[in-house]
1. For residue 105, indicate whether it is surrounded by 14 or more Cβ atoms within 10 Å (Cβ to Cβ), modelled with pLDDT of 95 or more, of a type in the set (Gly, Ala, Ser) and under 22 Å from residue 195 (Cβ atoms).
2. Checking residue 72 against (1) within 20 Å of residue 201 (Cβ to Cβ); (2) in a helix (DSSP H, G or I); (3) among the basic types (Lys, Arg), which test does it fail?
3. Residue 88: small (Gly, Ala, Ser) and without any contact (Cβ under 8 Å) to a residue 24 or more places away in the chain, yes or no?
4. Under 7 Å by Cβ, and 6 or more places apart or on different chains, what pairs join a residue from the range 107-132 that is farther than 21 Å from residue 153 by Cα with one that is part of a loop (DSSP other than H, G, I, E, B)?
5. With 243, 294, 263 as the choices, which residue is in contact with a Ser or Thr (Cβ under 6 Å, 6 or more places away or on another chain) and more than 30 Å from residue 34 (Cα to Cα)?
6. Identify, from the list 179, 170, the residue that is among the β-branched types (Val, Ile, Thr), modelled with pLDDT of 95 or more, within 30 Å of residue 54 (Cβ to Cβ) and crowded, with 17+ Cβ neighbours inside 10 Å.
7. State whether one or more residues within the range 213-231 are surrounded by 19 or more Cβ atoms within 10 Å (Cβ to Cβ), at pLDDT 95 or above and under 17 Å from residue 268 (Cβ atoms).
8. Would you be able to tell me the number of residues in the range 284-313 that are farther than 18 Å from residue 373 by Cα and at pLDDT 90 or above?
Amino acid sequence: MKKKIIIIGAVLAIIGAAIYYFYYSGNKTNEIYWRTAAAEKGDVTVLVTATGSMAADTSVDVGVQVSGIIAKIKVDFNDKVKKGQVIAVLDTTLYNASKVDASAALHRAEIAVEQAKREYDRTNKLFENKVAAQADYDLALTNYQTSQGSLVSAQAQLNRALINLRYCTILAPISGVVIARNVQVGNMVIASFNSPVLFTIAYDLKKMQVQANVDEADIGQVEKGQLAKFTVGAYPKDIFTGIVTQIRRQPLMVQNVVNYIVIIEVENPDLKLIPGLTANSNIFIQERKNVLKIPTNAFSFTPPVEYLQENKLLPDSVKKFWLQKLRQASELKKQQIVENDVTVGYLWIKNGKDIFPVKITKGLNDGSFTEIEGDIREGDETAIGINHSSAAKDAQNSKSPFLPKFPTRK
């Protein structure tokens with residue numbers, strides 16, 4: 001009986017060893033399949049994105065300097081006007097009456113001056129002949145001087161009435177295009193500290209500007225003279241180009257975020273762009289043309305510790321260096337190698353089935369790609385991650401989604 005138990009145990013041990021070898025030892029022959037990205041030639045561009053609106057390069061709001069009712073409107077939307085052209089007329093009834101009244105007052109003042117002068121001349125002769133008293137002479141002189149002052153005041157009143165009458169005719173202050181008309185015939189307009197805007201005239205719609213809102217985190221990178229490209233919803237397939245000409249220092253709160261207005265001047269020869277369009281802009285901060293570049297996430301990749309320990313092709317010095325780096329990264333709770341010099345980095349270049357570290361110099365980084373220089377060529381495959389066995393993946397993908405799933409070997 002005891003001998004039978006020993007035989008059964010031996011058989012079970014052999015079966016267990018076979019199962020272990022098949023499920024576990026056989027798995028060691030599985031290769032590591034690296035996810036890679038090729039080093040390629042291309043452009044690396046650092047951009048600042050901003051949203052804003054189109055506006056005329058120069059525009060003037062036309063208001064009124066006197067109150068009254070709009071009697072005539074001479075222009076409409078999109079009309080071209082010249083400087084000094086009549087664009088609207090106010091009702092002049094009251095201002096004509098004021099002019100007539102001021103003219104009559106001036107005439108009375110002139111008569112009073114003539115009368116006072118005659119009285120003064122007569123009293124002056126009598127005073128010279130010592131017939132009139134000093135008091136009579138002084139009174140005549142005072143009346144004459146007072147009448148002259150009244151004449152000046154009456155003349156000023158007439159001038160004011162004439163100016164107000166002239167203000168009833170509203171003229172275009174600049175040559176340009178009417179882009180806004182805010183009144184109708186019969187509307188009452190009142191001149192005050194905040195004068196109502198009757199018209200808005202754009203000087204030249206062939207020159208436009210984007211008033212872009214730039215986040216405070218990016219404004220330090222923006223400078224005058226930088227190239228900007230933008231699109232508008234009206235022409236989604238067209239890309240427009242402009243130049244940064246002004247960075248306004250006044251802060252602007254947009255959804256509780258501090259923004260600053262950046263002015264981008266743009267030519268508009270075909271008049272496609274019109275005021276008010278929303279513009280989505282990219283301001284070019286830095287750009288490198290036709291340089292060798294690699295996806296930025298390649299710098300955060302390091303192979304597993306097991307691979308470093310078991311790879312016989314890596315020199316011991318390289319293994320020691322990277323194992324030490326991995327320990328440092330683990331202590332700092334980071335998933336990337338920490339370098340004192342941010343311009344230096346390591347890439348793991350694929351050679352056959354293995355990967356090897358190459359030290360390179362980093363250049364411009366646009367967030368997605370980084371410019372690189374060093375012992376690396378265009379087309380070299382750089383490891384950016386690890387895939388499981390491709391054969392296992394293919395088998396997994398080929399299964400019908402309707403079949404039940406069974407446990408897989410780990």
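The values are calculated or read from the model by the stated rules, or taken from the named source; none is laboratory data. Quick caveat: nothing in here was measured; it's all calculated off a predicted structure. Don't worry about glycine lacking a Cβ; one is built from the backbone with ideal geometry, like all the others, and counts go over all protein chains shown.
1. Details: surrounded by 14 or more Cβ atoms within 10 Å (Cβ to Cβ): yes; modelled with pLDDT of 95 or more: yes; of a type in the set (Gly, Ala, Ser): yes; under 22 Å from residue 195 (Cβ atoms): no.
Criteria not met by residue 105.
2. (2)
3. Numbers: small (Gly, Ala, Ser): yes; without any contact (Cβ under 8 Å) to a residue 24 or more places away in the chain: no.
Against the criterion (small (Gly, Ala, Ser) and without any contact (Cβ under 8 Å) to a residue 24 or more places away in the chain), residue 88 does not qualify.
4. Close Cβ pairs satisfying both conditions: 123/132; 126/132.
5. Numbers: 243 fails: in contact with a Ser or Thr (Cβ under 6 Å, 6 or more places away or on another chain); 294 fails: more than 30 Å from residue 34 (Cα to Cα).
Criteria check complete, one pass: 263.
6. Details: 179 fails: modelled with pLDDT of 95 or more.
Exactly one residue qualifies, and that residue is 170.
7. yes
8. Residues flagged as farther than 18 Å from residue 373 by Cα and at pLDDT 90 or above within the range 284-313 amount to 2.
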